[in-house]
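Asker: Pasting a structure below so you can have a look.
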């Protein structure tokens, strides 16, 4: 159920830091909302952990902002990489740029590079914070600010913030932002799957822009319809080594 109205972001972040301590992490790809959460968390003078998914296809600018954040806030940024065996098998079976051929192939790539590594990382936490906002896509409009039905608990402190509110906070507090924003990007992921948006496009239009159909999500933040989930399960089953079946669909079942 969607919480209405959402609690103030600072209140939610302070509550989460107090409640979960080192069993809480900020998961970020260093987009603006994630940077705001890191900045807010730093003001509580409480320890917190930050991690990011290093898919192996990130733009160079992402590594630049990672280093900037590390130096600015004095935090270790933990990087989470895909399983090398799974990655190698996917490339052998489907090629390195499989994501351009179909939505199912793209979701398979996201599963191997993002969803499954995230699921494995989150097993060590009771809760995590992300920079989701309801205004980004229709799929995110019904998300709760604190999803305690998920395991671990998924917290979106800025869920009801507008894009303008994020920009205003960044300007007031001189928050460092990803260099690609200056080049017209409004949503940043893997290098081959992200571009700057065109005038009049929504802020997620630069993700997987070659797809005419399909949700502009990677599988971490929403549950695809049953048909697509079954397709991905079959592809994963064919791809993964024997004995990995219990992990198939990890991203969906874990509520990521």
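The values are calculated or read from the model by the stated rules, or taken from the named source; none is laboratory data. For clarity, every value in this text was computed on a predicted model and none was experimentally measured. Positions of Cβ are generated from backbone atoms using ideal geometry, with glycine treated the same way; all protein chains shown enter the neighbour counts.
Asker: Within the range 83-91, is there a residue that is surrounded by fewer than 21 Cβ atoms within 10 Å (Cβ to Cβ) and in contact with a strand residue (DSSP E or B) (Cβ under 6 Å, 6 or more places away or on another chain)?
Answerer: The answer is no, given that none of the residues of the range 83-91 is surrounded by fewer than 21 Cβ atoms within 10 Å (Cβ to Cβ) and in contact with a strand residue (DSSP E or B) (Cβ under 6 Å, 6 or more places away or on another chain).
Asker: Here's something else I'd like to know. Just for the range 125-145: of the residues that are at pLDDT 90 or above and out of contact with any helix residue (DSSP H, G or I) (no Cβ under 7 Å at 6 or more places or on another chain), which one is surrounded by the fewest Cβ atoms within 10 Å (Cβ to Cβ)?
Answerer: 144
Asker: Then there's this: With (1) more than 28 Å from residue 238 (Cβ to Cβ); (2) modelled with pLDDT of 95 or more; (3) surrounded by fewer than 20 Cβ atoms within 10 Å (Cβ to Cβ) as the list, and residue 40 as the residue in question, which single condition is left unmet?
Answerer: With respect to (1) more than 28 Å from residue 238 (Cβ to Cβ); (2) modelled with pLDDT of 95 or more; (3) surrounded by fewer than 20 Cβ atoms within 10 Å (Cβ to Cβ), residue 40 is out only on (3).
Asker: Please find, within the range 182-206, the residue that is surrounded by the most Cβ atoms within 10 Å (Cβ to Cβ) out of those that are in contact with a helix residue (DSSP H, G or I) (Cβ under 7 Å, 6 or more places away or on another chain) and more than 18 Å from residue 52 (Cα to Cα).
Answerer: 203
Asker: Could you give me the residue pairs with C-beta distances under 9 Å whose first residue belongs to the range 181-197 and is farther than 26 Å from residue 111 by Cβ, whose second residue is in a helix (DSSP H, G or I) wherever it lies, and which are 6+ apart or on separate chains?
Answerer: 181/32; 183/61; 196/180; 196/183
Asker: Which of (1) modelled with pLDDT of 95 or more; (2) farther than 18 Å from residue 54 by Cα is the odd one out, the single condition residue 103 does not satisfy?
Answerer: Of (1) modelled with pLDDT of 95 or more; (2) farther than 18 Å from residue 54 by Cα, only one is false for residue 103: (1).
So that you can scan it fast, the table gives a plain yes or no per residue for (1) without any contact (Cβ under 8 Å) to a residue 60 or more places away in the chain; (2) assigned to a helix (DSSP H, G or I); (3) over 29 Å from residue 36 (Cβ atoms):
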| site | (1), (2), (3) |
| --- | --- |
| 91 | yes, yes, yes |
| 107 | no, yes, no |
| 135 | yes, no, no |
| 142 | no, no, no |
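Asker: Then there is this: Would you pick out the residues in the range 49-75 that are within 18 Å of the chain's Cα centre (by Cα) and assigned to a loop (DSSP other than H, G, I, E, B)?
Answerer: Of everything in the range 49-75, those that are within 18 Å of the chain's Cα centre (by Cα) and assigned to a loop (DSSP other than H, G, I, E, B) turn out to be 54, 55, 56, 57, 58, 59.
Asker: Hey, among the residues in the range 9-42 that are assigned to a loop (DSSP other than H, G, I, E, B) and either in contact with a strand residue (DSSP E or B) (Cβ under 9 Å, 6 or more places away or on another chain) or free of Cβ contacts under 8 Å to residues at least 24 places away in the same chain (or both), which one's nearest to residue 55 (Cα to Cα)?
Answerer: So the residue we want is 29.
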